[in-house]
Amino acid sequence: TLPSSSPPPTIPELYFLIARFLEAGPCQKAAEVGVFLLPKRLDWTGQEHPGTYENLVRLYRHITPDHLLQVCTRVCPLLEREVPASVPGLTSLLGAGRQNLLRTAKSDIHANFGTLVAQNCRSH
């Protein structure tokens, strides 16, 4: 969960990427993002103004509707090289345990230790 007092600055960017992804598929109505969710723009005096979806699309022409999908597709192999999953080659954004995209080498050690302890406790 995110602390409500200081959300990461990437949240509005993520909403924009989600809207771009949705607009190219069957959920086009869902892509209509509220202005308050999008990144704000700064004018020449440094004042913030609400961003518009159309302006963001023009500003970030390099962001295609499948950009978020490409990011997700690239994350799995990168993580696999750093912290191998329990089933090599099986990629899912929804995995748990050693298939979880948020796994770390440290969490893997703790999971293995917990499994080892549980197995030893049952055998005694």
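See the values below:
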read-out: Glu80 assigned by TED's automatic domain parsing to the domain that holds Leu101, surrounded by 12 or more Cβ atoms within 10 Å (Cβ to Cβ), acidic (Asp, Glu) and under 20 Å from the mean Cα position of the chain (by Cα); value: yes
read-out: The stretch 40-65, residues that are among the hydrophobic types (A, V, I, L, M, F, W, C) and closer than 16 Å to Ala19 by Cβ; value: Leu56, Val57, Leu59, Ile63
read-out: Test result for Ala30, at pLDDT below 85, within 30 Å of Gln99 (Cβ to Cβ) and part of a helix (DSSP H, G or I); value: yes
read-out: Members of the stretch 41-62 that are in contact with a helix residue (DSSP H, G or I) (Cβ under 6 Å, 6 or more places away or on another chain) and hydrophobic (A, V, I, L, M, F, W, C); value: Leu56
read-out: Search result, residues across the stretch 59-75 that are exposed (fewer than 12 other Cβ atoms within 10 Å of the Cβ) and among the aliphatic types (A, V, I, L, M); value: Val71
read-out: Pair list, Cβ < 9 Å and 6+ apart or interchain, from the stretch 49-71 residues that are part of a helix (DSSP H, G or I) to residues that are of a type in the set (Val, Ile, Thr); value: Tyr53/Val33; Tyr53/Val35; Leu56/Ile63; Val57/Ile63; Leu68/Ile18; Gln70/Thr64
read-out: Boolean, Arg81 is free of Cβ contacts under 8 Å to residues at least 12 places away in the same chain, out of contact with any Gly (no Cβ under 6 Å at 6 or more places or on another chain) and closer than 20 Å to Phe21 by Cβ; value: no
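The values are calculated or read from the model by the stated rules, or taken from the named source; none is laboratory data. As the structure is a computational prediction, the values presented were derived from the model and not from experiment. With ideal geometry, Cβ positions are generated from the backbone for all residues, glycine too; neighbour counts draw on all protein chains shown.
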